[in-house]
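Before any comments, here is the structure.
The values are calculated or read from the model by the stated rules, or taken from the named source; none is laboratory data. Because the structure is predicted, anything quoted here is derived from the model rather than measured. Every residue, glycine among them, receives a Cβ derived from its backbone with ideal geometry; neighbour counts consider all protein chains shown. Accessible surface is based on the protein model in full, side chains and every heavy atom, while ligands, DNA and RNA are left aside. Shrake-Rupley method; radii C 1.70, N 1.55, O 1.52, S 1.80 Å.
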Amino acid sequence: MYDLAIIGGGPAGYTAAEQASLNGLKTILFEKEQLGGTCLNVGCIPTKTLLYSAKQYHNALNARKYGVEAQAVSFDYQKMQQRKQKVVRKLVAGIKQRLKNDNMTMVSGRAVVVSHDEKTIVIECGGEKYEAQRLLIATGSNNFVPPIPGINGNADVWSSTEALSATELPASIVIVGGGVIGMEFATLYHELGVKVTVVEAMPSVLPQLDPECVSLLLDKYKKSGIDILTSTKVLAIDGKKVICEPQGGERLTIETDKILISVGRRANLDGLDNLKVDMERGAIVVNDMMQTSCKNIFAAGDVTGKIMLAHVASRQAEVAVGYMLKLIPLQRIAYNAIPSVVYTNPEIASVGLQERDLKGENCVLPIEYEVKSLPMTFSGRFVAENEGETGLCKMVVDKKNKTILGVHMIGNPCSEFVAAASFAVRMGYTVAEFRQVVFPHPTVSEILKETANIE
Ligand code: FAD
Ligand code: NAD
């Protein structure tokens, strides 16, 4: 009998496994594909590795702006792909190494929950049965395939996983869905010279982000030749043709080499048919301690359908295991201070509340607020390293008590210092408290302090 069984070896599963086993719980982890899950194998890491290669190429092409002449600049996509695989292998091996200890058992294969009651969970994998006192479900999510005629069985239609594994670049691509995956792939392909068209159903791409930041990105992307069709529905796909209809406009047909579908992901409930826990909109319902409606069954990561990010998955896993171990009895996740980054070029990074959360029809907190806002060019380091680029830093502040509620930025490399803003939001810092923090000079991070300094 194991103390804890974990299904899924992504950021939620491997974080939980490491913490539980090192703290003395006899732990068993089931993984049907590769340790590291979506994030390491077909998500965060491979996309950012390819994006970095694309950025290097783009920078070499534009080196003249910095007084550097680079001649006959070219790239080899297969070498980029090989390097991506090397990075993934290295990181997966690192996770395997971290999970080697006397309390850990790892099983390769698809786990199926056979039965469960208040004392025991029975799991079957590869013809063997395993029993555990507790279960953590960390089965992640899958690409959502929308019911658009012509997708199924069409080899020219890719998910992000297929796009990542293709060894040849397409000549042109239509990206259906201008969310995070869509805009990161738009960046990758565009920087490598592929003709990119993004088709987004909503009035704007990246609709969940601060509109001012998104509009600065769009100005740049549209000028650089990416076609972005918003408020546009894809009606059908016919081979290499995408038939779409802009709201109130004429139907149009776009001929393209490949089509990427990136319209969201859904909780993966594979192997969980016999699980009797509360579900809502296809995801597992959990309380603040990541506990399901059954006391000995927990869930963490994308399968909970909350915020589908790797750092949320691993934090949820820490909270679940912390609760099982009674380490810190009441640790909770501060969902109000989760940073998020879109790895476009320039990057967009944000944390906390936006203006739209504080006013209008979707208001979640009806309070008076103020916005402090500065162009990124107020940072000397930004000017030194971002020739001809613009950027923005916005701080949303409670007007009455001056608490920092949210920070929204566009400009490289804001992904690297948004954690400082998360810290401020998490700890409930006021602007006056934040001003006392010393930032190293010259760094782009100083833009946070400059913005806080605005009276
Ligand atoms: P997963 O990582 O999906 O892991 C679940 C694991 O469970 C899988 O390995 C699966 O094989 C296994 N499994 C499922 N069912 C069973 C079963 N029955 N038996 C055994 N094993 C099973 N997030 C970020 O924060 N930053 C990013 O930059 C980022 N980029 C992304 C780019 C792309 C293209 C994609 C698709 C996602 C990206 N994400 C990013 C999201 C991130 O990958 C997920 O939020 C994260 O992986 C969720 O972790 P998880 O542990 O919940 O699930
Ligand atoms: P998403 O929810 O970010 O974006 C989906 C987009 O598709 C939305 O803009 C939506 O309006 C649009 N859409 C939906 N149906 C459509 C249709 N029929 N036609 C046209 N557009 C349509 O989802 P995603 O980009 O697929 O990403 C999935 C998850 O992966 C997200 O939750 C995201 O957080 C995570 N992810 C994170 C990162 C990162 O942190 N940098 C990178 C990639 C993915």
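Observations on the structure shown:
- Coarse-grained scattering of the stretch 323-383 at q = 0.15, 0.20 Å⁻¹, given as base-10 log I(q)/I(0) from a Debye sum over alpha-carbon atoms: -0.77, -0.99
- Between the listed residues LEU260, PRO246, LEU235, the Cα displaced farthest toward the positive end of the dipole of the stretch 230-272, a dipole computed from Cβ unit charges relative to the Cα centre, is found at LEU260.
- Net +/- balance of residues flanking VAL418 in space, Cβ distance below 13 Å, scoring K and R +1, D and E -1: -1
- Each part gets one Cα centre, and for the stretch 357-427 versus the stretch 178-232 those centres are 21 Å apart.
- Per-residue surface analysis assigns VAL371 an accessible area of about 50 Å², computed on protein heavy atoms at 1.4 Å probe radius.
- Value of relative contact order over the stretch 198-279, rounded to a whole percent, pairs C-alpha under 8 Å and six or more apart: 22 percent
- Selection of GluC sites (Glu not before Pro), the stretch 309-385, meeting DSSP coil and at most 14 other Cβ within 10 Å: GLU361, GLU368
- Karplus-derived 3J(HN,Hα), 6.51/-1.76/1.60, for each residue of the stretch 268-280, Hz, glycine and proline x: 9, 10, 4, x, 10, 4, 8, 7, 10, 10, 5, 10, 9
- Rg/Rh for the stretch 336-452, where both radii come from Cα atoms and Rh is the Kirkwood radius: 0.96
- J(HN,Hα) series, the stretch 145-162, from Karplus relation 6.51 cos²θ - 1.76 cosθ + 1.60, nearest Hz, glycine and proline x: 9, x, x, 9, x, x, 7, 5, x, 9, 5, 8, 9, 10, 8, 4, 5, 5
- For the pair ALA419 and TYR52, label points projected 7 Å from Cα toward Cβ lie 1.5 nm apart.
- Backbone amide hydrogens, once placed in the peptide plane, bring ARG110 within less than 5 Å of GLY126, excluding anything fewer than 5 places away on its chain.
- Around the amide H of ASP210, modelled in the peptide plane, lies no amide H under 5 Å away from a residue 5 or more places distant or on another chain.
- Long-range amide H partners of PHE144 with built H, under 5 Å: VAL263, GLY264, ARG265, ARG266
- Reachable aspartates and glutamates from LYS295, criterion Cα separation under 20 angstrom, eight or more residues apart if same chain: ASP3, ASP117, GLU118, GLU131, ASP273, ASP278, GLU280, GLU318
- Across q = 0.12 Å⁻¹, the stretch 157-263 modelled as identical point scatterers on its alpha-carbon atoms has Debye log10 I(q)/I(0) values of -0.36, in the order of the q list.
- In the stretch 75-158, the GluC sites (Glu not before Pro) that fall in loop regions by DSSP, at most 12 other Cβ within 10 Å: GLU118
- Spatially close lysines, pair count over the stretch 154-241: Cα under 17 Å, gap of eight or more or interchain: 6
- From its DSSP helices (H runs of at least four residues, each -39,500 (n - 2.57)), the chain gives a residue-normalised ellipticity at 222 nm of -9000 deg cm²/dmol.
- In order along the stretch 285-293, the phi-based Karplus estimate (6.51 cos²θ - 1.76 cosθ + 1.60, θ = phi - 60°) of 3J(HN,Hα) comes to 7, 10, 8, 4, 9, 6, 8, 7, 5 Hz; Gly and Pro are listed as x.
- Shape analysis of the chain based on the Cα gyration tensor places the equivalent ellipsoid semi-axes at 37, 30, 22 Å, largest first.
- Mean separation of Cα contacts under 8 Å (6+ apart) over length of the chain, as relative contact order %: 14 percent
- Under 24 Å from the Cα of LYS359 - lysines, other chains or at least 8 residues apart: LYS306, LYS372, LYS394, LYS399, LYS400, LYS402
- In summary, the lysines within cross-link reach of LYS26, defined as a Cα separation below 18 angstrom excluding same-chain residues under 8 places away, comprise LYS96, LYS100, LYS119, LYS129, LYS326.
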